[in-house]
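Below is one structure, written out as structure tokens, with a few remarks after it.
Readers should treat all values here as calculations from the given coordinates under stated rules, not as data from a laboratory. Please read all numbers here as calculations on a predicted model, not as lab measurements. For neighbour counting, all protein chains shown are included, and Cβ atoms are generated from backbone atoms with ideal geometry for every residue, glycine included.
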Amino acid sequence: MDLSLSLLSALLLPLPTDGGNLAAERYQPPVDVQWHIQLQGEVNTGYDVDLYVLDLFDTEESVIDDLQAAGKKVICYFSAGTYENWRPDRYRFLPTDKGRRLGNWPGERWLDIRSLNVRKRMADRIELAAEKGCDGVDPDNVDGYTNQTGFPLNSRQQLSYNRFLFRTAHKYGMAVSLKNDLQQVNELVDYADFAVNESCHEWRECHLLQPFIDAGKPVLHIDYRFSQDATGRGYHCEHMNALGFQSLTLPLALDDSYRFSCF
């Protein structure tokens with residue numbers, strides 16, 4: 001068989017729900033895990049939490065090592081659905097991989113998730129996370145099919161791509177999140193180890209994440225709305241706690257300039 005066809009076959013194989021041979025050793029966050037996320041600035045390692053979500057590229061291995069030595073888990077964030085023109089691997093994306101610009105995020109464009117090259121690049125990123133010692137990965141922007149990407153993406157292609165990401169992470173013994181993509185929760189809850197969601201409460205969509213709670217998998221929730229409204233934040237926390245979500249109120253930049261926790 002031609003080498004390129006062999007690689008394509010490997011990347012497009014159906015994904016097992018058990019995550020492969022390393023499932024027994026893979027980190028599974030408990031449903032009540034306490035956590036923090038910071039993607040910009042010097043990492044504040046002083047929070048009394050179980051889990052940190054940090055940027056894959058910008059976080060030094062020494063920070064990961066120190067957090068793990070203190071008994072914490074580290075999840076490494078990267079964008080799996082967009083091209084970012086400041087990342088060190090930006091030159092490895094093809095012109096045909098890049099679609100429309102992403103809203104108000106300068107330097108960011110949607111990726112064609114049907115591209116074999118895009119899958120190769122994401123497999124490389126997940127491998128990098130494993131090499132740096134991350135306990136899991138948080139692939140962002142995995143709902144391109146619901147956006148104006150510049151590509152004719154459909155839900156079937158998105159499911160295939162997301163399952164590819166989950167399988168690849170599991171191959172390295174790492175946990176993996178489903179980030180947003182609420183319309184595909186039922187199809188993906190058995191593949192992902194936890195959910196990360198932004199602002200489901202604003203769109204009255206939080207009920208769509210209930211399958212994760214039912215499966216004993218945590219929902220790590222981010223609110224960007226109530227930083228200046230202590231009363232509203234109190235009601236928000238009551239609602240999130242009733243749902244069993246682990247919610248934080250944070251700045252959109254995720255730079256640790258402030259942090260309010262519901263847990």
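Miscellaneous remarks
- Sum of -39500 (n - 2.57) over DSSP H runs of 4+, divided by residues of the chain (222 nm, nearest 500): -8500 deg cm²/dmol
- Listed residues 123, 69, 195, most fluctuating in the chain (Gaussian network, C-alpha, under 10 Å): 69
- The calculated FRET efficiency for the pair residue 66 and residue 190, based on their C-beta separation and a Förster distance of 30 Å, comes to about 0.35.
- Cross-link pairs beyond the 18 Å C-alpha cut-off, checked among 120/179; 132/171; 72/171: 120/179; 72/171
- Environment charge at residue 70 (Cβ cut-off 14 Å; Lys +1, Arg +1, Asp -1, Glu -1): -3
- Calculated FRET efficiency, residue 215 to residue 239, Cβ-Cβ distance, R0 = 22 Å: about 0.60 to the nearest 0.05.
- Most fluctuating residue given options 97, 140, 48, as computed from a GNM of the chain linking Cα atoms under 10 Å: 48
- Positive-pole candidate from 106, 93, 80, dipole of region 79-124, charges at beta carbon: 93
- Remark: region 33-261 carries a charge dipole of roughly 980 debye about the Cα centre, counting +1 on each Lys and Arg Cβ and -1 on each Asp and Glu Cβ.
- Gain on full extension, evaluated as 0.36 nm per residue between residue 120 and residue 32 minus their Cα-Cα distance, stands at 28.3 nm.
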